[in-house]
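The values are calculated or read from the model by the stated rules, or taken from the named source; none is laboratory data. All figures in this text were calculated on a predicted structure; none of them were measured in a lab. Please note: Cβ atoms are built from the backbone with ideal geometry, for glycine as well, and neighbour counts cover all protein chains shown. Only protein heavy atoms, including side chains, enter the accessible area calculation; ligands, DNA and RNA are left aside. Shrake-Rupley method; radii C 1.70, N 1.55, O 1.52, S 1.80 Å.
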Amino acid sequence: MQSLVLRFLWYKFTILLSKCTCFAYFGILWLCSFLSSRRQAVKFSSFITEWESTHVGVPQGTKLGPILFVIMINDLALKSPLKANHWKYVDDMSLSEVININIDTPPRLQSGLDQISIWSKNNNMNLNPKKCKEMIICPLKNILDLDSLSINNIPLDIVSSHKILGLKMMDTLKWNDNSKNTITKASKRIYIIRPQDLIHIYLTLIRPVLEYCCAVWSNSIPVYLSEKIEKVQKRVMRIVFPDLHYTDALSVAKCDRLDERRLKLCLKVLSNIKHPNSRLNHLLPPTRQESTSMNLRNSSCLSLPKCRTDRYTKNFFPAMAYI
């Protein structure tokens, strides 16, 4: 997991402008004017400093700033494709590699890190090794002895869990830490609830925390974690309707149990993925009609994938196929 720190220097604006030509050639002169000859001052109360010329950076707070950053990092891993699997989201990038213990092949992650480091230097960016972490996911009792990864000869910290785009991933592929983080975050917001508009506040500020990315983890958590998450909603209902039973309170508030809502949300996600234009459509298992030449009932339903482990059975696609 890596984080890029953008550093636009005065004499490196040509890098950004050369990349902009691929998107909007007609706006290059306007961008040159936008980035050059800028001045800034600091105002405090009625006092203001003298204006000084700035030779570094893109103006913060502008709508164009994030767009320029995306253009700047867009060609990462395109000019020199990485051998390791990688996922990029804004300034975060994750690399992964599956190591087969039966095949003696050199690891590819370190070479991928070296490529990214070279790309960063060529584009006048810095990689922050302190924010880059290494996580080894191994179901074996004896973890493999692997060479530690490094960036610019600085070894990366090995962690057992790490937050990726708001989800707490564990090296055991369990969701205990994510559930704990979800419950804690939602519980801290309960104090906002007041007698007026209580349900609306809960539905707007608290329940979305409990359901964040639930399609990823909902089918994998055990019953006791599901009940812990449900207890947060029970606390809210006791505050709003102190004299009613939980089931009656949900009926009055026109709310569903959280586990029932998570199932509905998963089915909604599955419905969106089934759309031919979805980028995840290729991950779907074939339908029953596609996997056999016989006429079957419910031929449009997904065929059940073969799952050798219970962990894989509880993943999103196999779980939705069984439903």
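Laid out as a table, the results:
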{"item": "Residue-averaged 222 nm ellipticity for the chain, from DSSP H runs of 4+ at -39500 (n - 2.57), nearest 500", "result": "-10500 deg cm²/dmol"}
{"item": "Rounded tilt (10° steps) of 176-188 against the dominant C-alpha axis of the chain", "result": "80 degrees"}
{"item": "Over segment 144-199, relative contact order from alpha-carbon pairs under 8 Å, at least 6 apart, %", "result": "15 percent"}
{"item": "1.4 Å probe accessible area per residue over the chain, in Å²", "result": "67 Å²"}
{"item": "Label-point gap, in nm, between Leu165 and Lys254 - each point 7 angstrom along Cα→Cβ", "result": "3.3 nm"}
{"item": "Rounded to the nearest 20 debye, dipole of the chain from Cβ charges on Lys, Arg, Asp, Glu", "result": "640 debye"}
{"item": "Accessible-area composition of the chain, carbon plus sulfur, in percent [1.4 Å probe]", "result": "56 percent"}
{"item": "Where trypsin sites (Lys or Arg not before Pro) fall in DSSP loop in segment 234-264, at most 16 other Cβ within 10 Å", "result": "Lys254, Arg257"}
{"item": "Beta bridge orientation in the chain: antiparallel %, DSSP, nearest 5", "result": "90 percent"}
{"item": "About the Cα centre, charge dipole magnitude for segment 199-284 (Lys/Arg +1, Asp/Glu -1 at Cβ), debye", "result": "240 debye"}
{"item": "Longest to shortest principal axis, alpha-carbon extents of segment 166-215, angstrom", "result": "43, 19, 12"}
{"item": "Set Lys168/Lys231; Lys43/Lys121; Lys19/Lys43; Lys63/Lys268; Lys231/Lys306 screened for pairs whose C-alpha atoms are more than 29 Å apart", "result": "Lys43/Lys121; Lys19/Lys43; Lys63/Lys268; Lys231/Lys306"}
{"item": "Spatial separation of Cα centroids for segment 115-142 and segment 149-214, in angstrom", "result": "23 Å"}
{"item": "Compactness of segment 71-225 as Cα Rg over 2.2 N^0.38 Å, two decimals", "result": "1.32"}
{"item": "Reported label for calculated Kirkwood radius over Cα pairs in Å given [x] 20.5; [y] 21.7; [z] 24.4", "result": "[z]"}
{"item": "Relative contact order (%) - criterion: Cα under 8 Å, at least six apart; region: the chain", "result": "12 percent"}
